[in-house]
Amino acid sequence: EVASDWTDSSGLNSTLCKGNRAATSQDGNIRRFSFGANEPRKVMNTKSLWVTRKSGERSENVEWMRSLWKDPAEGWAVGMVTQQEYSLWWNDDIPIDFSEFYVETTLLKAGEHVILTFNHTEFRDHFEIYDYSSGKDRSIEVAQTPQYPSSSMPSGTAYHWRDVGDEERNTTAGTLTVVFQGRDTIQKQSIRIRSFLCPREGCPEIPAPPAVEREDFVRLWSDVANWPRQRLPQYGEDVTILGSWKMKLDVEPTPMDRLTIYGELFFDEARASTKLQANLIIIAAGSNGPSGLLRAGTAEVPFPGTAIIQLNGNFASEAYIFDEDRDAGNMALVVLGRLQLYGPDRAGATKSHIHLAARVSRGNNKITVDRNVDWQVGEVVLVGSTEFDWQQAETMTIASISGRTVTFTATFDYGHHGAPAAEVVNGRVAEVRAEVALLSRNVRITARVFGSFQYGCHLYVSSNPHHDGLAGELVLRSVEVNKCGQHNTERGAVHFDHTFAHGYNSSITKSSIWGSFNRGIHINKAPGVTVTDTVIHGTIGNGVDVDQSNDVSLIGNLASGAVRRSERLTEMLQETANFKLCPYFPCRNLQAHNNVAGGSHHYGFLSQNDPNACGQTVSHFTGNTAHSTRAGLIWLENRAGVSCFVLNNFNVWKTVEAGIHFERTITTIIVRNVFSSDNNIGFMLNPSTGRPSSVIFEDS
């Protein structure tokens, strides 16, 4: 018997409904189950739902669909045989955890039941189940006792099983099993499931360390007399640097579980190479005293050797949770105090990149650059795309260097344009040569990543939510951040979050953030952040994402290789840009100058069209370039009430759709000193959202 509201009969041909014989009354009846209204929506939408029928191990990959049924308008639907048990998880390179979703079934009659088990990979304290069938929330408590539910239990009865996971195999961290029991009524059953990070009484308060004075002498990590147990920390232990300590890493320590820094910990400049490893590192905020500090080198004397901070663990490891809204996650370097890393500036890296001095052809393995460099054999270099296809940017490993000629260990898959100097068009410099950027640095933050899992470290800068005024400071100069970010989450490689107006002004200078499994840099409710002369390459999602943050400066950066996080159109439009600059919530005094958007799946720059109002003395968006994208620059609706807007000093070339695209209406648009070449459409207005009264082109 098939539920009459099943509108797409193709789902009934699935392996879930068939075995060695047709689905007969012995097996049970087929009922429609739908799953929707899921959170986090940005992560989960368009992903497949993997469903396994435990009896016979029959499995099916259920695709996300839009307008499959009336309510919800999008999600997943599958036919399930009654009197059976199923295991479900959202499928991708790594499993996806839900925070909220609902399950709906229809015509599940009295005497029929289905049991569903959902996997979750990260820590969840508990779940709550709400019955929406009657139109009102009726909470059904989750069974926390070790009792697998029976088929006779009421709908919504649930059992939460947790496991610590397996670090090497990345096994699940737990399951939630829910019973669906038939009723006498034909009314649909709707059950909402919510997961919680914190206990019902709330997350424990993050304590502020007591006020102490820092010691005026240096402790050595290698000296057992400096440790409370009169021995060095052992493998996998929790380690604490007390608030009064000033400790030098004069040896390479064994990998730790949690490292908490209340005092000062710094790398030994006399050592050629030191690696600091832990599953979780917390740099604590101070309270009427110095904050915790982890540093390598100083602004005056950069660190001369190799300093590596490596985060271990996986998505089932211990997480650092502030509250339900803020979750640093696992494999995290949590900065509530100060992280100061200074590597040596590299020759040829006075900006984020240099350029090819001569064209390189496909199959070649040498390039000539336009200035002298001090790059080393084995280091990694980015050579940017100079065509419409952003994926023609290539990362190469250096085999040898002679003068300005660099030889790589492999040949190029694509050609890249180069010339002795930039072109000059009507007296205006038009730089269309391939960017060349050094990605390697001596000071690095990285992660141990297992196999193909796109789950790395999370550098999280925030404030203590329980103690007003305690916020973190991050200073990276000539530092490499690689294999960070966590796919299928909202955790980017470098994440400034809720620092508000407190604390220090963080900065990233002459650094590289590449090979990220999520956004490169995410600045959310974090004022005063400065990113200068930095290369951000190979991100899943936006390269640089600024949201609800004032006084942010982005100067002279190169962002390229932004891969879409999802195939869902709205997600792709919002989350696949080299630079996403406050398009939906205005940011005061956002400065973006001389940046290059060097290739993304969709946008170069995505922003509101109100930074440069006519007549104002300070321009907020000048000297920027976009190429090898679908759209170079898109300005969304004007939310600040600006009636006249100036786009000044902008270069755009080799875009698949539009070089410059204005959405929504503005009274007057002035396009001044703009160079646009080899774009499908050079300048576009969207007539469906309103037209300006005038568009004026000057010196362009």
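The values are calculated or read from the model by the stated rules, or taken from the named source; none is laboratory data. Note that the structure is a prediction, hence the values are computed from the model and not measured. Neighbour counts are summed over all protein chains in view; Cβ atoms, including those assigned to glycine, are modelled from backbone coordinates with ideal geometry. Ligands, DNA and RNA are excluded from the accessible area calculation, which covers all protein heavy atoms including side chains. Shrake-Rupley method; radii C 1.70, N 1.55, O 1.52, S 1.80 Å.
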Just to confirm my numbers, what's the Cα centroid distance between region 412-463 and region 203-236 in Å? 39 Å
So for each of 548-555, 644-651 I average, over its residues, the number of other beta carbons within 10 Å; can you give me the resulting order with the highest mean first? 644-651, 548-555
Quick one: work out the % antiparallel among DSSP beta bridges in region 486-550, nearest 5. 5 percent
Overall form of region 211-345 per C-alpha gyration tensor (a/c, 1.5; a/b vs b/c): rounded
Hey, rough spin-label estimate for V301 and Q548, points 7 angstrom out along Cα→Cβ, what's it come to in nanometres? 4.4 nm
What nm value, rounded to one decimal, do you get for the distance between A421 and C198 when each label is placed 7 Å out toward the C-beta? 6.2 nm
Region 305-448 accessible area per residue, 1.4 Å probe, protein heavy atoms, integer Å², reads 37 Å²
Here is the link list: K366/K580; K483/K510; K246/K275; K275/K525; K525/K654. Which ones come out longer than 24 Å on Cα distance? K366/K580; K275/K525; K525/K654
Under-5 Å amide H pairs with T306, H placed in peptide plane, nonlocal only: S273, T274
Inter-part distance where region 238-300 and region 320-346 are each reduced to a Cα centre, Å: 13 Å
Starting from the 7 Å offset along Cα-to-Cβ, what nm value, one decimal, do you get for the label separation of R362 and D238? 5.7 nm
How high is the FRET efficiency from N673 to D374, r the C-beta distance, R0 30 Å, rounded to 0.05? 0.30
Estimated FRET transfer efficiency when R0 is 60 angstrom, pair R162-V429 (beta carbons, to 0.05): 0.50
Between E63 and F453, what is the FRET efficiency for a Förster distance of 22 Å, r being their Cβ-Cβ separation, to the nearest 0.05? 0.45
